[in-house]
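Written out below as structure tokens is the structure these notes cover.
Just so it is clear, none of the values below were taken in a lab; they were calculated from the coordinates. As the structure is a prediction and not an experimental result, all values here were calculated from the model. No Cβ is skipped: glycine too gets one built from the backbone with ideal geometry, and neighbour counts run over all protein chains shown.
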Amino acid sequence: MVVRNASDNDIYPIGTLLLAYYERKNSDFGYQRYLTSRSEATKTIGKRIQDKKSPLKYGVLVDGDRVIGYVSYGSEDEIGEILQLIIEPESLTETNVSTLLNWTLGELKNIGVERVYLEMSEMDQVIRSVFNSYNGKIVNLQGR
């Protein structure tokens with residue numbers, strides 16, 4: 001597995017992972033909590049990836065030539081935020097989460113970030129397990 005900065009070629013795979021994640025979450029919640037429009041998702045993701053000055057960045061976890069996960073993150077001053085860390089269910093392991101998280105933390109550290117917030121839901125058990133192993137502290141837990 002390798003992690004790299006996302007490029008234009010990754011817009012569609014990232015959108016596919018995001019929509020599949022939203023569909024699973026909608027099913028878990030039992031109602032349409034998240035919108036699942038491919039055109040809107042890829043349009044937004046594309047703008048962010050193509051705009052080199054965008055405050056939001058993307059990294060992708062690649063197995064061979066296939067994107068199996070991604071992270072979106074940003075920062076302001078010394079505060080970093082990981083907005084999404086999504087890996088396809090069949091590849092969602094602590095090793096893959098750690099690989100993606102370590103890469104992201106390295107990217108944020110390189111730009112002077114000293115504190116990082118990670119958004120996750122109660123349902124993201126594998127991600128929470130890895131986060132806890134980093135001595136992460138849950139500040140506020142929302143969702144089911």
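Among the lysines of the chain, pairs that are 8 or more positions apart or on different chains and have alpha carbons within less than 24 Å of each other number 12. When the charge dipole of the chain is built from unit charges on Cβ atoms (+1 for Lys and Arg, -1 for Asp and Glu) and taken about the Cα centre, the candidate among PRO55, ILE111, LEU35 whose Cα reaches farthest toward its positive end is LEU35. Report the label-to-label distance for ARG33 and MET1 in nanometres (one decimal), using points 7 Å from each Cα along the Cα→Cβ vector. If labels sit at ARG33 and MET1, their model points lie 2.4 nm apart.
Could you list the residues of segment 70-86 with an amide nitrogen less than 19 Å from a label point located 7 Å from the Cα of GLU40 in the Cα-to-C-beta direction? Hits in segment 70-86 for GLU40 at 19 Å: 84.
The H on the amide N of ALA6, modeled in the peptide plane, is under 5 Å from the matching H of TYR58, GLY59, VAL60, each at least 5 residues off or on a different chain.
Highest mobility in the GNM of the chain, judged by mean-square fluctuation with C-alpha springs under 10 Å and restricted to SER98, SER54, SER72, is found for SER54. Dipole magnitude for the chain: about 240 debye, using +1 per Lys or Arg Cβ and -1 per Asp or Glu Cβ, origin at the Cα centre. Applying the Karplus relation 6.51 cos²θ - 1.76 cosθ + 1.60 with θ = phi - 60° to segment 87-98 yields 3J(HN,Hα) values of 10, 3, x, 6, 10, 7, 10, 4, 4, 5, 4, 4 Hz, where x marks Gly and Pro.
Where (1) 48; (2) 29; (3) 21 are the candidate values, the label of the one calculated here for percent of Cα pairs over 24 Å apart is (2). Highest GNM mean-square fluctuation among LYS52, LYS25, LYS43, for the chain modelled with Cα contacts below 10 Å: LYS52. By other beta-carbon atoms within 10 Å, ranking THR42, THR95 with the fewest at the front produces THR95, THR42. Rounded to the nearest Hz, the phi-derived 3J(HN,Hα) couplings of segment 41-57 under the Karplus curve 6.51 cos²θ - 1.76 cosθ + 1.60 (θ = phi - 60°) are 5, 5, 5, 5, 4, x, 4, 5, 5, 6, 8, 5, 9, 4, x, 9, 10, where x marks glycine and proline. Couplings 3J(HN,Hα) for segment 8-19, derived from phi with the Karplus relation 6.51 cos²θ - 1.76 cosθ + 1.60 (θ = phi - 60°), are 3, 5, 9, 4, 5, x, 5, x, 4, 4, 5, 5 Hz, where x marks Gly and Pro. Amide H to amide H, with H built 1.01 Å from N, GLY80 comes under 5 Å of GLU114, ARG115, VAL116, TYR117, counting only residues 5 or more places away or on other chains.
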